[in-house]
1. Of V41, A150, A172, whose Cα points farthest to the positive end of the dipole of the chain (charges on the beta-carbon: +1 Lys, Arg; -1 Asp, Glu; origin at the Cα centre)?
2. Within straight cross-link reach of K7, meaning Cα distance under 23 Å, which lysines are found once same-chain residues fewer than 8 apart are removed?
3. Give me the number: length gained by fully extending Y202 to A140, i.e. 0.36 nm times residue separation minus the C-alpha to C-alpha distance, one decimal in nm.
4. Compute the FRET efficiency between D210 and M6 as 1/(1 + (r/R0)^6), taking r as their Cβ-Cβ distance and R0 = 35 Å, and round to the nearest 0.05.
5. Of all the accessible heavy-atom surface of the range 57-110, with the other protein chains kept in place and a 1.4 Å probe, what percent is carbon and sulfur?
6. Picking from V24, Q203, A56, whose Cα lies most toward the positive end of the charge dipole for the chain (charges on Cβ: Lys, Arg +1; Asp, Glu -1)?
7. Just to be sure I understand: of the beta bridges DSSP finds with both ends in the chain, what percent are antiparallel, rounded to 5?
8. Probe of 1.4 angstrom, ligands and nucleic acids ignored: what's the accessible area per residue over the range 134-235, in square angstrom?
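The values are calculated or read from the model by the stated rules, or taken from the named source; none is laboratory data. Just so it is clear, the structure is predicted and the values come from calculations on it, not from any experiment. Counting neighbours? That spans all protein chains shown, and the Cβs are built from the backbone with ideal geometry, glycine included. Areas reflect the complete protein model, heavy atoms only, side chains present, ligands, DNA and RNA absent. Shrake-Rupley method; radii C 1.70, N 1.55, O 1.52, S 1.80 Å.
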Amino acid sequence: MQGKTMKRFHKQAGIVAVDGGFAVQLDGRGVKTPVGRKLEVPSERLALAIAGEWDAQGEVIKPYTMPLTQLATTALDRVGPERAVITDQMIAYAATDLLCYRAESPSDLVAVQTKTWQPLLDWCRTQLDAGLIVTTGVIAIDQPAASLAALRARLDGYDLWRLTAAQAACSASGSLVLALALTEGRLTGAECFTASNLDEAYQVAQWGDDYEAADRRAELQRDIQAAADLLALLP
């Protein structure tokens, strides 16, 4: 999604240390989020990366080319003030997690789903104490309340920035398990996207692709990688 653009109004971006982290500045002035909060982040590396996104802009500022800036403003403007709502939405993904709904056929798709997804569900059960039930088809099943509670407890233990990364990955991948695996370092950004895209990749291999679907996949891949990049830059 390209979204809005605006004319570049600054010459140089920089950062400055503040209590609890680092603030991003444009020509010596602090950057504000869309709702007016100061754009302050918890690590110098993240602040420098965000400043780099601003410096990389040409005559026109294109926010969709600034994924770390967008994630930082999302953290400050939305995830922080609405943490309980965000967590509820993520648990709703777990209740119908992508990894729990397997194809009945063809056998080669079933095999690749099992090979890729089952180790992640096993990890979720053993490391997060959240065993989830697997089914075939698309009819929704109820997941164990204790498992959903364990996943909620894990999310509650994340700081604002890790929760923001997890939320972005969850939304893009359609799976809380994948988002947690990314956040916990079990998967890379590329691995998370590949696991989330198994079904569509199979269909493309069988029937070919179209540009709209390819653009949508590229957008989701960028979102997942942005979440991975944010995690890598946190203290």
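1. Towards the positive end, the residue furthest out is V41.
2. Within the straight-line limit of under 23 Å, K7 reaches these lysines: K32, K38, K62.
3. Working: separation 62, 0.36 × 62 = 22.32 nm, distance 2.27 nm.
Going from the current span to full extension adds 20.1 nm.
4. Values: r = 32 Å, r/R0 = 0.91.
After rounding to 0.05, the efficiency reads 0.65.
5. On the way: 1380 of 2410 Å².
C and S fraction of accessible area: 57 percent.
6. V24
7. Working: 13 of 15 bridges.
Among the beta bridges of the chain, antiparallel pairing accounts for roughly 85 percent.
8. On the way: 4870 Å² over 102 residues.
Averaged over the residues of the range 134-235, the accessible area is 48 Å².
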